[in-house]
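Here is the structure we will look at, set down as structure tokens.
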Amino acid sequence: MKKYELRVVSGLKGVFSIVAFTFLILFILILVKDVNNLFSKILISLFIIGLFTYLVFRFCSGKILVEQSTNSFKFKWIDRPFLDFRKLNPIIISEIKSIVVDDNGHIRKINTDIFTLKVNSFKQKNDEAEFLECLNLVAKENNLQIIDSWDIWNEKGYLKNAYRINQAIIVILFLYAIIENYFKSIHLLILIFMVVQLISYHFLIKSKMGKSQ
């Protein structure tokens, strides 16, 4: 029996954390705006981000053990995230309909005829890579679909709204930067980082929407 240890993230908490981090950056920019000392600005920013990262890790991150047999996968909690009460049901390989894997190799979901198991693997190392290879082999042998999260959003009709929201956030960030004159300050680096990420999402969402037309 083959076994894999996977570092996973609680799905809804992970999404909430990503959104919260965006607002956290804006909060930090506002908080340190009137702080004159550069060292104090950096120290305050690092402290807030560090505390936020620790809390996110404790609430979102966990570890599961996957046991592979000839015709099934069994899942057990090794380290359960705080306030995560999900039951990990075994999966019969013949009942798998599709596997959701994002472009970065993170395993998101395994969809069956009966239920969906949310995996949300956190990093692509060691056992995670081996389990992904196993799933690719299972998909090939059983003629299964391997899709990504954007495909699911597209199927549900969410991508158009996500596309508009992403555009609106980019515009808001630029307007805020102009109003606060961030183009001539150290905050420009943070702004560039955020905008580059949002623009990459813009083109990714647009490409996914184009495939469905």
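The values are calculated or read from the model by the stated rules, or taken from the named source; none is laboratory data. Source: prediction; values computed, not measured. When we count neighbours, we look across all protein chains shown, and the Cβ atoms used for this are built from the backbone with ideal geometry, even at glycine.
Is there any pair with a first residue in the range 83-94 that is over 12 Å from residue 118 (Cβ atoms) and free of Cβ contacts under 8 Å to residues at least 40 places away in the same chain and a second that is exposed (fewer than 12 other Cβ atoms within 10 Å of the Cβ) and not aliphatic (A, V, I, L, M) whose Cβ atoms are under 8 Å apart and which are 6 or more apart or on different chains, and what are they?
92/71
As an exercise: evaluate residue 94 against (1) hydroxyl-bearing (Ser, Thr, Tyr); (2) surrounded by 16 or more Cβ atoms within 10 Å (Cβ to Cβ); (3) more than 24 Å from residue 204 (Cα to Cα) and give the number of the one condition it does not meet.
(2)
One line per residue, one yes/no per condition, for (1) within 27 Å of residue 78 (Cα to Cα); (2) in contact with a His (Cβ under 8 Å, 6 or more places away or on another chain); (3) hydroxyl-bearing (Ser, Thr, Tyr); (4) loosely packed, with under 14 Cβ neighbours inside 10 Å:
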{"position": "110", "(1), (2), (3), (4)": "yes, no, no, no"}
{"position": "113", "(1), (2), (3), (4)": "yes, no, no, yes"}
{"position": "118", "(1), (2), (3), (4)": "yes, no, no, no"}
{"position": "122", "(1), (2), (3), (4)": "yes, yes, no, no"}
{"position": "127", "(1), (2), (3), (4)": "yes, no, no, no"}
{"position": "143", "(1), (2), (3), (4)": "no, no, no, yes"}
{"position": "148", "(1), (2), (3), (4)": "yes, no, no, no"}
{"position": "154", "(1), (2), (3), (4)": "no, no, no, no"}
{"position": "161", "(1), (2), (3), (4)": "no, no, no, yes"}
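Somewhere in the range 142-161, is a residue touching a strand residue (DSSP E or B) at 6+ places or on another chain (Cβ under 9 Å) and basic (Lys, Arg)?
No, that holds for no residue.
Of all the residues that make up the range 28-42, how many are among the charged types (D, E, K, R) and in a helix (DSSP H, G or I)?
Summing the residues that are among the charged types (D, E, K, R) and in a helix (DSSP H, G or I) in the range 28-42 gives 1.
Just to be sure I understand the filter: pairs with C-beta atoms under 7 Å, separated by 6 or more residues or on different chains, first member in the range 131-160 and in a helix (DSSP H, G or I), second member buried (at least 16 other Cβ atoms within 10 Å of the Cβ) and among the polar types (S, T, N, Q). Which pairs pass?
Close Cβ pairs satisfying both conditions: 134/68.
Does any residue in the range 49-74 that is in a helix (DSSP H, G or I) come within less than 7 Å, Cβ to Cβ, of a residue that is of a type in the set (Val, Ile, Thr) and at pLDDT 75 or above six or more places away or on a different chain, and which pairs are these?
60/9
Here is a yes/no grid of residues against (1) more than 17 Å from residue 120 (Cα to Cα); (2) of a type in the set (Asp, Glu); (3) outside the structural domain of residue 132 (by TED's automatic domain parsing); (4) crowded, with 17+ Cβ neighbours inside 10 Å:
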{"residue": "32", "(1), (2), (3), (4)": "yes, no, no, yes"}
{"residue": "46", "(1), (2), (3), (4)": "yes, no, no, no"}
{"residue": "54", "(1), (2), (3), (4)": "yes, no, no, no"}
{"residue": "57", "(1), (2), (3), (4)": "no, no, no, no"}
{"residue": "102", "(1), (2), (3), (4)": "no, yes, yes, no"}
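Of the conditions (1) surrounded by 15 or more Cβ atoms within 10 Å (Cβ to Cβ); (2) modelled with pLDDT under 75; (3) out of contact with any Leu (no Cβ under 9 Å at 6 or more places or on another chain), residue 182 fails just one. Which one is it?
Against the list (1) surrounded by 15 or more Cβ atoms within 10 Å (Cβ to Cβ); (2) modelled with pLDDT under 75; (3) out of contact with any Leu (no Cβ under 9 Å at 6 or more places or on another chain), residue 182 comes up short only on (3).
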